[in-house]
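Q: Just passing along the structure, written as structure tokens.
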Amino acid sequence: MSLLEIKDLHATVGDREILKGIDLSVNAGEVHAIMGPNGSGKSTLAQVLAGRELYTVTGGSVAYQGQDLLELSPEDRARAGIFLAFQYPVEIPGVSNMYFLKAALNTIRKSQGLEELDAFDFLTLVRDKMALMNMDQSLLNRPVNTGFSGGEKKRNEIFQMAVLEPKLAVLDETDSGLDIDALKLVAHGVNTLRSPERSMIVVTHYQRLLEYIVPDYVHVLAGGRIVKSGGKELALQLEKEGYAGLGIEDEDEVAAV
Amino acid sequence: MTTGVSEQVAEWLIDFSAQEDAEPWLQEIRTEAFFRFSEQGFPTTHNEEWRFTNVAPIARTNFRNILSPATDIPLAVRKYLAKLAPADHPFVALNTAFLNGVTVHQVPAGAVLDQPIEINYHVDEQAGPPVVHPRTLIVVGANAQCRIVESYSGKGRYFTNAVTEIVAGEGAVVDHYKVQREDTSAFHVATLAAQLGRSTSFSTHNISLGGALVRNDINVVLAEGTEAIVNGLYIVNGTQHVDNHTSIDHAKPHGTSHELYKGILDDKSSAVFNGRIIVRKDAQKTDSKQTNKNLVLSDDAVIDTKPELQILADDVRCTHGATIGQLDAESMFYLQSRGIGKQQARSLLTYAFAQDIIDRIQVPALREQLEKFLFEKFHEHSY
């Protein structure tokens, strides 16, 4: 049984259909890259998996560990081991990073029948993970993402992932806006978290990220459907020939159809 | 025609006349004040200053006046008493008419107080219903430094009609806090008047949590080079109503005022913010900033917010802004996507909204007490 089984998934925002029948199967330990031009539905897919209410699922099914994922609230999905690294991490003034992450970790631990961590144990746990992401501990006392640089925000996402240890991580354009050093750092963090028990869906516009996070499978999303799947060599082909090489038009032309 | 002014005043006249005469200087102040009150009675919503706050429930109630025990009012401070708070404000007039005891604090010039001056007014009386007229006068000498914490609380249905006057001498540093945690059946009307000297640094934090019907008037007058922080936080639910009228008067040049009022409204509660900034003709180089932010958690809560700028000088910087909003959907989703339940996420974001006001409180014990109170309030409220 696969960890995640998406069948003929349709989703709309307002009157507009964005996902027009997605099929995808992800087994434990696999890393799947989802590539595609802007407006193809990549980010929508990521957000639908995390349970964003903005999108309405109008057809199809998503099974996670054999259960109907679409029935679950966003928080229950997180507690079941799903993690979304946001393309645009949200700034939350007034809530400290530490309070936020400790509350998140303890809710997830509680739902898994584990004991909640006190402040001391929590700090011990996060110290190593912060070092992994080359993050300064002072970031813990700052409000969530508030005043963080673009790179700090993305690192903070992967840091959260390292702390929450999900079974399925969905990385939504984690590479966007990063310079090469920040990109390597983020990729190193992600690679450290690869394990036979953890699956990942890496959503990206560019092949560059996949040089550092080498996927097992690559899917090309266009016009709300997966139009081609293959191994990591597919990403290289895309790099060489562009989306046009696959007969895909970029951006709004597709969305407007 | 509803109850006329004369009928309203008659009830109060009986109690006023029943008072024992004070010393002549004080009796004169009282009589003058009662005359001012009797001329106008209670305000109605036709009065622009009271447009959104209907005090009919107060006007209609036959209260039993409870006088503060008489105190010895030092000669040196008598010249300030009833000179700062606006004499024509009907509730100030009423307070002064029943002035008996005054909580007086004098901070000598140059003194630096380690501990905050704590003033607690608590109403436990039930019969009547009672009305109390707390009166506070604080005189801070030149270059002195102090913190003041005023607290109001009580049980049951009663009316607190408070007046606080603060005089700060040249170069003084004064942090003032008012925490209003009255019973949710109580009425609370209060005026704070602060006369600030040259180059003083003054802050006032008006935390309004309780009361059925609450009106605060904050009047701050700045001198040359004065810095004033005028902050407030109001949190209402049920059918609570809170009205904050602030007035910051830049009478002299080079003054700075920063005002931040934040409100959280739930259920069928309502709130008013009216922020007047006056920059007099002489007050060049004034720097004034006013912000009012409201978080509205229900469909039925109502907020009326209005800036009122009277700028008579030409070389000044004045900004103002007001926002009314709900909890941010993206922030909610972000928290939920990390496993935090919907209700906890709501509590967390609501609490976070108030955080920057709480963070500015310089009395650690008070800050912690409020953090705890708010934390519990929003948790208990997360259905």
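The values are calculated or read from the model by the stated rules, or taken from the named source; none is laboratory data. Keep in mind it's a predicted model, so treat the numbers as computed, not measured. So basically every Cβ, Gly included, is an ideal-geometry build from the backbone, and we count neighbours across all protein chains shown.
Q: State whether the residues of segment B:81-96 include one that is under 21 Å from the mean Cα position of the chain (by Cα) and in a strand (DSSP E or B).
A: Scanning segment B:81-96 turns up no residue that is under 21 Å from the mean Cα position of the chain (by Cα) and in a strand (DSSP E or B).
Residues are listed down the side, and each one gets a yes or a no for (1) of a type in the set (Lys, Arg); (2) surrounded by 16 or more Cβ atoms within 10 Å (Cβ to Cβ); (3) under 29 Å from A:Ala46 (Cα atoms):
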| position | (1), (2), (3) |
| --- | --- |
| B:Phe333 | no, yes, yes |
| B:Ile340 | no, yes, yes |
| B:Gln344 | no, yes, yes |
| B:Ser347 | no, yes, yes |
| B:Ala352 | no, yes, yes |
| B:Gln355 | no, yes, no |
| B:Gln362 | no, no, no |
| B:Leu370 | no, yes, no |
| B:Glu376 | no, no, no |
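Q: Name the single residue, out of those in segment B:295-316 being closer than 10 Å to B:Val279 by Cα and in a strand (DSSP E or B), that is farthest from the chain's Cα centre (by Cα).
A: Per the criteria, the residue is B:Ile311.
Q: I would also like to ask the following. Please determine whether any residue of segment B:167-174 is surrounded by fewer than 22 Cβ atoms within 10 Å (Cβ to Cβ), of a type in the set (Gly, Ala, Ser) and under 21 Å from B:Ala354 (Cβ atoms).
A: Looking for residues that are surrounded by fewer than 22 Cβ atoms within 10 Å (Cβ to Cβ), of a type in the set (Gly, Ala, Ser) and under 21 Å from B:Ala354 (Cβ atoms), one finds none in segment B:167-174, hence no.
Q: Mind listing just one residue for me: the one in segment A:74-103 that is farther than 14 Å from A:Asn145 by Cβ and part of a helix (DSSP H, G or I) and, of those, farthest from the other protein chains (Cβ to nearest Cβ)?
A: The selected residue is A:Lys102.
Q: Look at A:Ala187 and say whether it is within 18 Å of A:Asn38 (Cα to Cα) and either among the hydroxyl-bearing types (Ser, Thr, Tyr) or in a helix (DSSP H, G or I) (or both).
A: no
Q: Select from segment A:228-248 the residues that are surrounded by fewer than 16 Cβ atoms within 10 Å (Cβ to Cβ) and either outside any helix (DSSP H, G or I) or in contact with a His (Cβ under 8 Å, 6 or more places away or on another chain) (or both) and list them in ascending order.
A: Passing the criteria: A:Ser229, A:Gly230, A:Gly231, A:Gly242, A:Gly247.
Q: Any residue in segment B:325-342 that's more than 7 Å from chain A (Cβ to nearest Cβ) and touching a residue at least 24 places away in the same chain (Cβ under 8 Å): show its pairings with residues that are part of a helix (DSSP H, G or I) and of a type in the set (A, V, I, L, M) at Cβ separation under 6 Å, as long as the two are six or more apart or on different chains.
A: Note: pairs meeting the criteria are B:Leu327/B:Leu349.
Q: Also, I was wondering about something else. Output yes when any residue across segment A:45-58 is modelled with pLDDT under 95 and either touching a strand residue (DSSP E or B) at 6+ places or on another chain (Cβ under 6 Å) or within 14 Å of another protein chain (Cβ to nearest Cβ) (or both), and no when none is.
A: Scanning segment A:45-58 turns up at least one residue that is modelled with pLDDT under 95 and either touching a strand residue (DSSP E or B) at 6+ places or on another chain (Cβ under 6 Å) or within 14 Å of another protein chain (Cβ to nearest Cβ) (or both).
Q: Look at segment A:70-119 and say how many of its residues are touching a residue at least 40 places away in the same chain (Cβ under 8 Å), over 19 Å from A:Leu171 (Cβ atoms) and surrounded by 18 or more Cβ atoms within 10 Å (Cβ to Cβ).
A: Matching residues across segment A:70-119 total 8.
Q: Which condition from (1) touching a residue at least 40 places away in the same chain (Cβ under 8 Å); (2) more than 19 Å from B:His245 (Cα to Cα) is the one that B:Phe91 breaks?
A: For B:Phe91, the failing item is (2).
Q: Scan B:Gly156, B:Gly232, B:Gly238, B:Gly211 and give me the residue that is assigned to a loop (DSSP other than H, G, I, E, B), assigned by TED's automatic domain parsing to the domain that holds B:Asp114 and crowded, with 23+ Cβ neighbours inside 10 Å.
A: Just one listed residue meets the conditions, B:Gly211.
Q: Related question: Which ones in segment A:104-143 are of a type in the set (S, T, N, Q), in a helix (DSSP H, G or I) and within 12 Å of chain B (Cβ to nearest Cβ)?
A: Selection gives A:Asn106, A:Thr107, A:Ser111.
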